[in-house]
Amino acid sequence: MRQLLFRIARIALCIGPAALFAAPVHADVVADRVAIRVVTPETGGVARPRFFTERELAFFARIEALLEQTPLEPNDYPERYVRSAIDRLVARSMLASLMIQRGVEPPELPHLALEARAELEARLGGPHVLADAMKKEGIEDEELLSFLRDEVRARYYVDRAIAPILTVTEDSLREAFRSTLHPFRGGKFDDVRVKLRRWLVTERLRAAELEFLQGARARIKITTVRATSSSEDSTRAHR
């Protein structure tokens, strides 16, 4: 994970002052090492920070690369994919939290999360590709489903509070089939209609997430978390 941490540090220098800081954490206390700490009003402010681990950032950086058909070598995490993973995770957690604050979950949330997994598999090239990425980064099924539930929540919040993205007309679906680069170009429209609709809704969500993030950056504080040993902390405490 050294390469991943180096990329996160590089991103810290690019985002700018007051946005991304470094803070120590006891390496011998944190088993699944935290990589970043995120504080936003939408997710509960300082009282309820969100944490993302090295494994999670590595996994989603790998997913962002695979979506561009760019397989990553072991321990090779290009900066732009790490940045994309952070942006996606932060935006999605904010939107999902806003949906939760409404006090109503999306209907059939567990089923929709499974559908989201199937759609992700289709985007990546099949279940085996997703399974391989999960294995490489040590992501368990329940962890993935937790993130996918947040994806569903974010989708419903965007649709209800920002812009309609869930309603797909027949004309827009046919236009997407004809003119968009999607994973189903080799199939017939009637055969891929359901999968294409899911794909199109996810594309709309991904665009909405990044637009939301751009407008919210001033409210976001991301802290990189670097490991320190107990002896280092002890020395620091006596200075």
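The values are calculated or read from the model by the stated rules, or taken from the named source; none is laboratory data. Given the structure is predicted, the values throughout are model-derived calculations rather than measurements. Neighbour counts run over all protein chains shown; Cβ positions are idealised from the backbone, glycine included.
Quick test of your reading of the structure: Arg7 fulfils all but one of (1) within 26 Å of Arg153 (Cα to Cα); (2) modelled with pLDDT under 85. Name the failing condition by number.
Evaluating Arg7 over (1) within 26 Å of Arg153 (Cα to Cα); (2) modelled with pLDDT under 85 leaves (1) as the failure.
Can you tell me which residues in the range 166-191 are more than 18 Å from Ala118 (Cα to Cα), in contact with a helix residue (DSSP H, G or I) (Cβ under 6 Å, 6 or more places away or on another chain) and either of a type in the set (S, T, N, Q) or not in a helix (DSSP H, G or I) (or both)?
Within the range 166-191, just Val168 meets the criteria.
Identify, by number, the condition in (1) of a type in the set (Phe, Trp, Tyr); (2) at pLDDT 95 or above; (3) more than 20 Å from Glu151 (Cα to Cα) that Phe21 doesn't meet.
Status for Phe21: all satisfied but (2).
Looking at Leu166, Leu124, which one is over 19 Å from the mean Cα position of the chain (by Cα) and farther than 22 Å from Phe52 by Cα?
Leu166
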